[in-house]
Each structure stands twice: as structure tokens, then as C-alpha cells.
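One structure below.
The values are calculated or read from the model by the stated rules, or taken from the named source; none is laboratory data. Remember, predicted model here, so these are calculated numbers, not experimental data. Backbone-built Cβ (ideal geometry, glycine too); neighbour counts: all protein chains shown. All accessible areas refer to the heavy atoms of the entire protein, side chains included, with ligands and DNA or RNA removed. Shrake-Rupley method; radii C 1.70, N 1.55, O 1.52, S 1.80 Å.
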Amino acid sequence: MLTANAVVGIGASAGGLNALQLMLAQLPAETGLAYVVVQHLAPEQSSILATLLQRVTCLPVLQVTQGLQLLADHLYVNTPNHALTIVDGRCVLTPPSQPHAKWLPIDLLFCSLASDFRHQAVGVLLSGMGADGSAGLKAIKVAGGLTIAQQPETALFPAMPEHAIAEGVVDIVASAEQIPMQLLHHRHGTVPIAQAMKSSASLIAAPAESSLQPLLQILQQRTKHDFSQYKPSTLQRRIERRMMIHHVDKLQDYIELLKQNPQESDLLFKELLIGVTGFFRDPAVWQQLLDTVLPDLLKSRSTQGQLRAWVVGCSTGEEAYTLAICLVEAGEAARLANHVTAEVGSSWQIFASDLSADAIATARRGFYPLSIAETMTQSRLERFFQRQQQGYQVRPEIRDMVLFAQHNVLQAPPFTRLDLLSCRNLLIYFDAAIQRKLLPLFHYALRPSGVLLLGSSETIGRDSHLFTPVDARLRLFLRQDPRQQQGRTSAQLVQSFPPLSALIKDTTLTPVSQPDTNPDNLQHAADQLLLQVYAPAAVVVNPDGDIIYISGRTGKYLEPAAGKANWNFHAMAREGLRAPLSSVLKKASAQNGALQFPGLEIQQDGAIQRVDVTVQALQQPAALQGLVLIVFRDVVAQRQGNKRTGKAGDDKTDALALAQCLDEMQSLREEARLGREELQSANEELQSTNEELQSTNEELTTSKEEMQSMNEELQIINNEMQSKLDDLALAQSDLKNLLNSIEIAILFLDQELNVRRYTNRAAKIINLRDSDVGRPLSDLTSSLHYPELHQDALQTLQTLVFSEKQIETSDKRRFTVRIMPYRRLDNMIDGVVITFLELSANTPLLASAVATIDPQ
């Protein structure tokens, strides 16, 4: 028998037995594949799944044992209460590492197949509840294998395949009956496609003549990203996967498919961007960061403001959040050692970037499957994540430490002034030329003595003058300043950025025709002068308050806000205008006329300037429809022409008005204080209620998961019991047909000597019908002259001694009546069996003959 070099992992849960039977019934005997089934099973119950599957398939079905070697064209079934993984082609059984409700055995199997068989691994996800299997399918997809999910409409419980499809980790969606056909296409298509791609791989080094160049150009036009500098092996493997999925064996045919189907270009783009990531991947690296690197950074830069880190190629965010967790833990340890005093979350800013918009969206959500519990301690899970029904949500304090952005490290400028830069397992996808350009770029982005973290298969190569190892084995490096080689470094840095001519240029827009600026047009020139010099200052804003156009000098009324540039009217309005005009845009849009705000006061060079403001929504011309015009007019101060005789009266009036205003202000302050106290009290009550509800929700979630797991087990047990009942009914039919076919009268009695079963011929000797089942023997009449029948049956039951007599009937027929104990398979006596054997007419009647046989 051949050892399997390609393995199909099949995961199923509730409703999976039916899907497995439908799938295996269509599977041929010889495919060259080994099949490993993991089904959610009750931990304390023995399983007959192997027996049930053997009935529908011609493949040998085996229940796995420790160290069992996988063979081609064999089917292997998992053992209850054990995790099944594949290592070096052999089965490894381990006790579950998580409580049963949180256990994800399908993910464990799929991940082990991805690690052991790489692109020769296939993952199939069938009916079931929950999200088990999605993370494992992603691992297989990243390794270059094939992923298949059952069509949700055909699954009894569609949650598992639906979740995997929603995660974007499924290559093929098919019904259970169609999956074997997809496996055969995959199996037979692998060799010719790989051979077809070999000829292309050698041409990638010369892009002008490469057979892949048209494909890469299509991708570049569609996605605005250039993949020509990726490693040929990476491109070959990813393109080969897409060709296999479409059953295309010629590269030119696939290029035609890309031209005709833009969606395939998007799928290929996503395929090329799939990255391997996870929380605390390579634990030794993160432990070294926690023990040495981060404490040294925090200690050496305790007087510095905000510390900055950049995770390049962050994929779905696991590594960025891992770094944030490590920073929190390292900061707490440093505070205990009195090295730092600030909160870590406020002193660190982590930038995380990736080329994939979908990956960035996932990272921003911060929601991850239950399988992350396998790579993280329980204390970290409870502290940094919120447990939810389908997974774990990153807590806000960790989420706020990370800023995610879509970013092309090959074209866009880098983040700078960094204290730590992590670029793990990204350089391996680029050719050597790109790697030599990126490392000087990283050197430029780091501050002096900044830390560079690379992947386990990546090195600094010829750039040892830029970085010195902190731990070469763990790929931790420290930035150094090679002053004697600054010219070389600068030259490398300039070369790191692509020339503008090499970037994809947007289509040149046709310039808008300019208005006639003929200096001879006197009217137009005069109008422009009057508008510039004598018209009031004004701005045009959109409904959100963003300034679209400025006319005249508005600096008296608007000023730029401190911090990041913000051209919003509400942010730029001076004190005195901001509050009265805070909600004016919505009011103006709802009215046809203009809104007037006379006499608003602003501070101007230490004096108070009164301003009349007019706000009007624009309807004409069409280009300005939906915008709002805001006009500012200064109010000229009144001349001092008032009679001095009225000055005293005015002062008294002003004093009374001032006193009234002060009283109103004091009243408002008191009302505001009382309102704040009431809000504070209500907020505390709401927080307490929220904590209670959160606790109750966690308990309910745990209970729901336990019930869900138990329901899946009961569903499987129910299927097995139904199969047993079917077998029992079939055996009962076989027994009944057997008894009736031998034409011997047999009567079965239970321990109370009640009728249990009888044959048709027995009903002709003893008056029996279907309703007599369960009646005592003593209540029945017969044609036998055998009044001692009941007594002899009772004696046989008590003594276990066989009884045999020859008895005559009323119609002169003769029978040998044998009474013997009814012995079950477990050797227990459970009644008696009476047989009536008709004798020939020449046999002498021995009415008193009794044969006693020792039951031993």
C-alpha cells in the first residue's frame, strides 16, 4: 500500500453524518488520496461512526490510533475525546486542551494538514453549528492547498460553511454529492498545471518576454499594484491555485479568462495578498521583546514624548494587537521598576499597514474566532478580549493603541521617527532587488537605536552596516548610524523610492475652459475689482460645514484651528460666532429665505467688534445647489452724539441689566450643577447595570455554547441510534422470515411464561393470534392432550432442565414437545422456548417419555 502524499481533511458537526454519507457514496475506490474525518463527538460515548461510514463507501474505514500511518485510498475517523493532528504523515492523538464547549478539533486537524502537506492539503467543511473549521481552512489556503465548503442550502446546519464562506477562505462551494467530482478535478489537474507553469517560471526574470507579463499587466490595470517584482515561486503557486479552481490547464486560457472576467482579477489579487499571521506567532520572539527589548526601549526613552511603532504587512491585525498587548505588559513591569511613569497606551502609537483593504477592514473590526484561545493564555484572553458568541472582540483600550491604514510599502512614503519596526514574513515574497531597497528604507524610518524585527526566514543580508544584531536567531536588530557610509546610505534610500515615471498614472483630465480674461473687457475687470475690494467677506460651505470657497478677507471672522489642518467652518469660527452659528446650517437648509444674525460680538485687537451675519441656502445656479452662503458685515460703531444728560440714566439701566444677567447666570450654574449630579448618579447606576448584564451575558454565552456542543453530540448519537434501530428492524424481519420458513412450531415465553413470539405453525396447534402476545400460557387453549404444559414450562424455567415429551392432539396427530430455557447472548435466562415437532404416523407414542439434560 502506498503512503499518502496528499490528504483530504473533512470536518463535520451537527448534520454531518448525512453529508458524509452522501459525499462518500460518490467517491471512487482509487483516487490516490487519503481521507481524514473529524466529527464533533460526545467525549464520554463510544462511536460507531466508522461502522456507519463503511456501509456507504468502498474505501477501508479505520478509527485512528496513536501513530497510525496514513495510506492512500483509506478513510480515517477521529476518536472521541481526543484531538487529532497529522505530523509527518502519522496520526497524533492528544487530550483536549480546552473545555469541551470551546474545543475546535476541526481547526486543529486542518492546521496540521497545512503544516505537514502544504499545497497537497485539501480541507472540506460540511454541515455543523458554530465557526469551527474557518481558521483551519485559512491555514490550508495560505499554504497553497484547496478549500471546499458544503453549499449552505444543502446543509442541515449551515452555520459552519456559511461562516467560512463569509471569511473568504473557501475556494469552491458545492453540495456534498458534487464534492468528490471537485476533488478528482483537483487531483488530476495538479500535475499538468504545474508542468505548464514551470515553463512560465523561468521567464519571469525577463518581464519584457515573460509569458506572465500580460497577466501582471491586467492585474496592474485593475488593482493599481505591480506584482512583477514578487518572487516567481510565489506568483506561480498562487496563479496555479486559481487555474486549478477553474479547471484551466493553459496559462494563455487563464489570461483570457482574466480579460473577460474582472472579478477573477480581484480574486487573484486577494490570492496574492494572503498572509500567514496569528497572535503570539513564534512565542520565543515575543518573550524576548517582553523580557529585554521593550523594557530597554521604555527605559532609554522615558523622557521622550510618544513612542512610535510600525507593523508592515499586518494582514488581519493579529501581530499589531500582539505588539500592543506586549507593550501594555512591558509598561506595567517598567512602572513597577520605576523606569516609566506614564500609561503605556498614551505613550505608544502603533501604525499597522497592509496592501489589502479587506485585511485592514478585518483588523479594524478587531473580532477573531474562538481558535485564538489555542495560542494565548487564559489570563490574556480575559484581560484584553471580550468573549462573544462566535469569537473574541479586542477591548477598546488595546484597539485605540493601533492605527490601521492601507499602504503600499513599495510606493508610498514610510512612517518615520519610529522606535520599533516589525516586518515579519513580508520580504520573503519579494525578489532580492526589492529586499535591498526596503532595508535602507527601514533604516531611514527608524530613530537612532530603533529596533527592527524580521521574520524567521529573513535576514539583513549585505546591509549589516545599517543594523547590528540584538538576537540574530530571533531576527532582532538594532539601528546603527554608519557615519562613514552616509553617502552610500543616502544613495540606497533614494533608490528605495520608485521614480514617478514608473508609477501608474491617472488618466489626464481635459482642462476646464477658462473664462475670458481679455483685458479689453472693461465691464468684467470692473466687476472683479468691486467684488474684491468693496463686497463683504463671505464663505461658501457644504452641509457638513466644510469650506468650499472664500470671498474677500475673512481672517477677522475665521482663524485656523490648532493641530491638524481643518477647513471646517465650525472649527475655524472665532469666539462669539461659533455658539450662535452652531446649528445654523441645518436651519438654513430647511428655509427658503436668508437667516439674519445681527450684532454678534467678536474680539478684535482687544476691542469688541459687532458683526451682522447672513446665512442663506443656495438653490441657483445648479452647480451651487445644496451649498450654503455665509456673509459677514461689520457694524459701524455709533457716533458719540448722545446727550450727556442721558448718560446717568443709561448707566443705571446698564447696571440693572448687568445685575439681572448675573442672577440668571447664577441660576443657570446651579441648574447645571444639579443636572450634572443627577447625570453622574444615573451614569453610575447604568454602569452597574451594564456590568451585571455583561456578566449575565457571558454566563448565557457559555451556557449556550455548552448546549450547542451537547446538541451536536446528541444529534450524532441520534443518527447512530437511528441506524441501530434500522439494523434491529432488519434483523427482526430476518428472524421472522427464518422462523416461518423452517415450518417448525415454536413458542417463545418470557420469565412470567407470557407469550413473547410464535411462528405461524405454532398458531395451528395452540390457539394464538397477534393480540395474544403478552398473555399468560395458562390462558391459552390448544389441541394438545397436555394439561401439564404450564407446569413443565415453569419447572424448566426454575431448574434449567430440558423437558421432552411426545403428545397426541385431538385430531390424532403426534408431536414431540421440547421445553428448554431461553438463554440471551450475555448468558442470562430470560424465559423458555417450546418447540412442537410433528411425528410420522409410524412413530410409537411415548407419552411418559421425559428426557432430562444437564444444562451444563
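What the table below lists for this structure:
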| quantity | calculated |
| --- | --- |
| Sites Met665 and Asp266, calculated FRET efficiency, Cβ-Cβ separation with R0 56 Å, nearest 0.05 | 0.35 |
| Modelled FRET efficiency - R0 30 Å, Arg610 with Glu678, Cβ distances, 0.05 increments | 0.20 |
| Rel. contact order, % - alpha carbon contacts under 8 angstrom, at least six apart, region 1-153 | 27 |
| Under 5 Å, built H, 5+ apart or other chain: amide partners of Leu307 | Trp348, Gln349 |
| Residues Leu700 and Glu332, FRET efficiency given R0 of 41 Å [Cβ-Cβ distance, rounded to 0.05] | 0.80 |
| Separation in nanometres of the label points that stand 7 Å from Cα toward Cβ, at Ile428 and Arg222 | 2.7 |
| Trypsin sites (Lys or Arg not before Pro) restricted to region 717-825 and DSSP loop, no more than 10 other C-beta within 10 Å | Arg769, Lys812, Arg824 |
| Backbone HN-Hα couplings from phi across region 765-774 [Karplus 6.51/-1.76/1.60, Hz, Gly and Pro as x] | 9, 10, 5, 10, 9, 4, 6, 7, 5, x |
| Long-range HN-HN contacts of Leu62 with modeled amide H, under 5 Å | Leu75, Tyr76, Val77 |
| Gain on full stretching of the segment that runs from Asn767 to Lys586 - 0.36 nm per residue minus C-alpha separation | 55.4 nm |
| Long-range amide H partners of Tyr822 with built H, under 5 Å | Asp830, Gly831, Val832, Val833 |
| Sequence of Ile550, Ile398 when ordered by accessible area, the most exposed leading, probe 1.4 angstrom | Ile550, Ile398 |
| Farthest positive-ward along region 725-776 dipole, Cα basis, beta-carbon charges - from Leu725, Leu738, Leu753 | Leu753 |
| Relative contact order of region 59-131, defined on C-alpha pairs under 8 angstrom at six or more residues apart (%) | 24 |
| Virtual spin-label span in nm between Gln306 and Lys259, 7 Å along Cα→Cβ | 5.0 |
| For Glu458, net neighbour charge (Lys/Arg +1, Asp/Glu -1) across residues whose Cβ lies under 10 Å away | +2 |
| J(HN,Hα) series, region 435-446, from Karplus relation 6.51 cos²θ - 1.76 cosθ + 1.60, nearest Hz, glycine and proline x | 4, 5, 7, 6, 5, x, 5, 5, 4, 5, 6, 8 |
| Residue-by-residue Karplus 3J(HN,Hα) for region 396-411, coefficients 6.51, -1.76, 1.60, Hz, glycine and proline x | x, 5, 7, 4, 6, 7, 10, 10, 9, 8, 7, 8, 9, 5, 7, 10 |
| Estimated inter-spin distance, Glu691 and Asp750, nm [label 7 Å along Cα→Cβ] | 6.2 |
| Added length on full extension, which subtracts the Cα-Cα distance from 0.36 nm per residue, Asn568 to Thr292 | 94.8 nm |
